[in-house]
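Each remark here refers to the structure printed beneath this line.
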């Protein structure tokens, strides 16, 4: 009997911790929060969903892709999950007002990136050129509308304005030491 009580208490604590984790990680409370957590957080941190800011059509495409890749989404929950994400993580109201460095390529970045992301999603990354290349290529694979002729300008803009700082030069040793 005591084993059942311990198991029940452990199960209840696990469910409560999962719900708290969902709220902490940016999943808003509601009837689909637990299902969203179960379907998505096994592979993703909630930040990837929160930062995407997709419209309903894009969330539907994203769910279709994730289901093909094995996301545990019950057929009867799919539409409700799409609605949950489209309601809570819709595109930002004024993406053109996001603070970006005024430099060559800024308009291409606005057009390609700010329809889904707030500028803070990438301006704080501080990646080197290879890191930015990886991010851009991944976003293109995920459906970002980046024209082939704009890719290099976007890469140059991000690497120049939001790249890593060069490592400081090592101090020179004096000849006598």
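The values are calculated or read from the model by the stated rules, or taken from the named source; none is laboratory data. The model shown is predicted, which means the values in this text are computed figures rather than measured ones. Note: ideal-geometry Cβ built from the backbone for every residue, glycine included; neighbour counts use all protein chains shown.
Do the conditions hold for residue 71, that is, is it more than 27 Å from residue 155 (Cα to Cα) and at pLDDT 90 or above? So residue 71 fits the description; yes. Beta carbons closer than 9 Å, at least 6 apart along the sequence or on distinct chains, pair a first residue in the stretch 42-57 that is under 17 Å from residue 72 (Cβ atoms) and in the same structural domain as residue 27 (by TED's automatic domain parsing) with a second that is exposed (fewer than 15 other Cβ atoms within 10 Å of the Cβ) and at pLDDT 75 or above for 42/72; 43/69; 43/70. Among the residues of the stretch 120-147, just one is within 14 Å of residue 105 (Cα to Cα) and loosely packed, with under 14 Cβ neighbours inside 10 Å, namely 147.
Which of (1) within 28 Å of residue 32 (Cα to Cα); (2) modelled with pLDDT under 90; (3) out of contact with any helix residue (DSSP H, G or I) (no Cβ under 8 Å at 6 or more places or on another chain) does residue 79 not meet, given it meets every other one? Here residue 79 clears every test but (2). Taking (1) closer than 23 Å to residue 42 by Cα; (2) assigned by TED's automatic domain parsing to the domain that holds residue 29 in turn, residue 143 satisfies each apart from (2). Residues in the stretch 106-119 that are at pLDDT 80 or above, crowded, with 20+ Cβ neighbours inside 10 Å and part of a loop (DSSP other than H, G, I, E, B): 114 only. Each residue in the stretch 87-105 was checked for being buried (at least 16 other Cβ atoms within 10 Å of the Cβ), at pLDDT below 80 and not in a loop (DSSP other than H, G, I, E, B), and 1 of them qualify. Here residue 62 fulfils each of the conditions (1) surrounded by 13 or more Cβ atoms within 10 Å (Cβ to Cβ); (2) at pLDDT 90 or above apart from (2).
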